[in-house]
1. From the phi of every residue in segment 281-294, what ³J(HN,Hα) in whole Hz does the Karplus formula 6.51 cos²θ - 1.76 cosθ + 1.60 yield, where θ is phi - 60° and glycine or proline is x?
2. Check cross-link reach from residue 388 to the aspartates and glutamates: straight Cα distance under 12 Å, and skip same-chain residues fewer than eight apart.
3. Defining a contact as two alpha carbons under 8 Å apart and six or more residues distant in sequence, what relative contact order in percent does segment 94-231 show?
4. Do any trypsin sites (Lys or Arg not before Pro) in segment 202-308 lie in a DSSP loop with no more than 16 other beta carbon atoms within 10 Å, and if so, which?
5. Any idea of the accessible area per residue across segment 321-382, 1.4 Å probe, to the nearest Å²?
6. In a GNM of the chain with a 10 Å cut-off on Cα contacts, which of 20, 39, 210 has the highest mean-square fluctuation?
7. Past 32 Å, Cα to Cα: identify those pairs from 280/380; 245/361; 168/394; 171/312; 47/394; 151/394, in the order given.
8. Which whole-number value in Å² is the accessible area per residue of segment 84-163, probe 1.4 Å?
Amino acid sequence: MKTLYRNGFIYTSSGFKRADFGVIDGIIRFSCLDDSFYDSVIDINNKYVIPGLADVHVHLREPGFSYKETIRSGTMAAAKGGYTLVASMPNLKPVPSNLENLNVQLDIIKKDALIDVIPYGTITDNQSGRGELSKMAEMQDYVIGFTDDGKGVQSKELMKEAMLEAKKLNKPIVAHCEDESLINGGYIHEGEYALQHGHAGISSKSEWIDVQRDIELAKQTGVQYHICHVSTKESVALIREAKKKGLRVTAETAPHYLTLCDEDLREDGYFKMNPPIRSKEDRAALIEGIKDGTIEVIATDHAPHSKEEKSKGLKGSSFGIVGLETAFSIMYTKLVLKGVITLEELVKLMSVNPRKIFNLKEIYIEDGYSADFTVIDLEKEYVIDSEKFVSMGKATPFNGEKVKSEIMRTVYQGNTVFSID
């Protein structure tokens with residue numbers, strides 16, 4: 001199939017430029033732009049074309065929890081959100097702690113995924129943050145890295161052992177930083193809202209104390225170390241100092257941490273996630289972190305649950321919200337349109353940087369590259385309605401918000417996997 005795309009503003013390393021381009025056998029071509037050569041011609045009509053988004057922190061729930069999400073529904077949601085690559089977290093059943101268990105997931109991905117899905121292997125053999133290490137070596141060729149996301153590795157000695165093994169395999173350790181001894185039954189941020197409404201709070205220290213520990217271990221071992229869903233100002237400061245020292249330390253945060261604080265909380269499970277939405281000061285530090293390059297990635301931590309699991313208020317609901325279908329629009333509306341960052345910087349945070357950091361195939365709207373791209377109408381305004389999500393998860397704190405920019409088309413390896421038409 002040969003398709004010609006006309007009248008797009010395409011992303012380049014030097015900014016956006018207006019151009020036509022062809023897609024031949026899944027590859028972008030600028031050498032032939034004659035309509036008669038192509039099977040179809042699509043007028044992009046002055047919309048923006050960017051490299052397909054990449055999310056390195058997604059829970060697809062299958063195998064084991066397909067009542068929450070499946071690889072098919074999760075990748076449909078990702079495609080609708082403009083993503084052509086996601087990395088799937090390992091809190092599954094069976095736990096991908098060895099190649100036999102991992103193959104269960106890989107078989108479903110091969111059969112059902114609409115876009116590129118690269119799984120994580122676990123750090124520990126039962127994804128508990130405790131016990132013995134997983135069989136990292138036998139999984140190394142099939143995973144993006146190793147993480148126990150959802151659980152922090154509780155032992156300094158065990159984390160150092162994991163880092164040494166990952167370093168030997170040239171794979172990153174991707175850390176959910178949480179010292180469980182400091183949780184004390186908390187479920188939202190230990191801040192003003194928790195105090196006023198009688199909720200048990202989660203301290204910021206429960207996150208940053210493990211960030212501090214792991215940065216020192218990364219220095220000792222030389223491992224590539226990536227920190228999940230950073231939420232505190234102390235973590236940002238620690239990561240900034242680590243980078244100044246030249247350590248192989250990278251980090252991500254998520255749209256909800258960049259746009260909400262605990263003053264925005266409601267008595268609703270749709271506002272419950274781990275780590276929790278924190279203070280205004282934390283939010284400001286995170287924004288400064290993405291502006292100065294301390295935090296290089298915006299991921300979603302897309303974590304679907306059933307409606308029942310999210311219907312029990314802040315205390316009783318499961319941790320986790322969904323984000324694949326709304327992340328770009330929220331970031332464009334609340335960061336780009338408000339002058340916090342540029343559109344080009346947002347593309348780097350959500351597409352270019354994740355691929356570079358995790359040594360994935362880079363994609364650009366340039367001759368010879370794989371045709372993985374997203375077409376966006378930056379002027380389109382719409383109201384977020386979670387009941388219209390294709391994800392099986394509906395929990396989002398942004399429900400009912402008016403946002404600008406809508407994904408019009410997502411193309412993966414030359415094939416349209418989502419179109420608004």
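1. These are the phi-based 3J(HN,Hα) values: 5, 5, 4, 4, 5, 5, 4, 4, x, 6, 6, 9, x, 5 Hz.
2. 325
3. 20 percent
4. 245, 266, 307
5. 36 Å²
6. 39
7. 168/394; 171/312
8. Value returned for segment 84-163: 39 Å² of accessible area per residue.
The values are calculated or read from the model by the stated rules, or taken from the named source; none is laboratory data. Given the structure is predicted, the values throughout are model-derived calculations rather than measurements. Cβ sites come from the backbone with ideal geometry, for glycine too, and all protein chains shown count toward neighbours. Heavy atoms of the whole protein, side chains included, go into the accessibility calculation; ligands, DNA and RNA do not. Shrake-Rupley method; radii C 1.70, N 1.55, O 1.52, S 1.80 Å.
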